[in-house]
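Before any comments, here is the structure.
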Amino acid sequence: WDNADFSRGIGTTFYQEFLTLNTAKPPFVRDVEAKVRRYMRSSYSAAWTLKITWEKAPAYAARTDTRRTITYQAVLTTDGFRSYVLMLYQEGGMQWDYTKLATTNVLIGYT
C-alpha cells in the first residue's frame, strides 16, 4: 500500500466486505480459508473478510507518468481470534518505475 496517486482521475479503489460468522460462505471466502489453511498449516474458519482492490493505480506523483500502473489486492480476514492478510499482485502487474519514486529501496509486500 504505497503512495498510489488517484488525483488525476486514473485508477480505482474499491472494497467488498464478507460477514460470514453464521452464514453460508461465498466461493471467495472459501478460497481465502483454503489459502490460510495451506500456508499456515492450521485449521481456519473465517468470521469476517475484507477484500480491497487498487486497480490501475498510478504511482505518486501521477503527474510524472500515468501510463505505468499497478493492480493489487489486500485481503484481511479473521476468525475472531487470529487475523491474517493476503497481499495479492497481478502477474506482471508492477508497472511502476521504482527509479522515479521518491525512494528507490522499495519492496512488494510488507516487513
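The values are calculated or read from the model by the stated rules, or taken from the named source; none is laboratory data. Predicted model, so just to flag it, every value in this text is computed and none were measured. Heads up, the Cβs are rebuilt from the backbone with ideal geometry, glycines too, and the neighbour counts pull from every protein chain shown.
Only one of Tyr60, Tyr72, Tyr89, Tyr44 is more than 26 Å from Gly11 (Cα to Cα), of a type in the set (Ser, Thr, Tyr) and surrounded by 12 or more Cβ atoms within 10 Å (Cβ to Cβ); which?
On the way: Tyr60 fails: more than 26 Å from Gly11 (Cα to Cα); Tyr72 fails: more than 26 Å from Gly11 (Cα to Cα); Tyr89 fails: more than 26 Å from Gly11 (Cα to Cα).
Result of the check over Tyr60, Tyr72, Tyr89, Tyr44: Tyr44.
Of the residues that make up region 69-83, is at least one touching a helix residue (DSSP H, G or I) at 6+ places or on another chain (Cβ under 7 Å), modelled with pLDDT of 95 or more and either at positive phi or of a type outside the set (A, V, I, L, M) (or both)?
Yes, the conditions are met somewhere in region 69-83.
Give all pairs with beta carbons closer than 6 Å in which a residue from region 12-32 that is on the phi < 0 side of the Ramachandran plot and at pLDDT 90 or above meets a residue that is in a loop (DSSP other than H, G, I, E, B) and surrounded by 13 or more Cβ atoms within 10 Å (Cβ to Cβ); count only pairs at least 6 apart in sequence or on separate chains.
Val29/Thr20; Val29/Ala46
Output the qualifying pairs, or none if there are none: Cβ atoms under 9 angstrom, residues six or more apart or on different chains, first residue in region 46-58 and on the phi > 0 side of the Ramachandran plot, second residue loosely packed, with under 15 Cβ neighbours inside 10 Å and in a strand (DSSP E or B).
Lys56/Thr12
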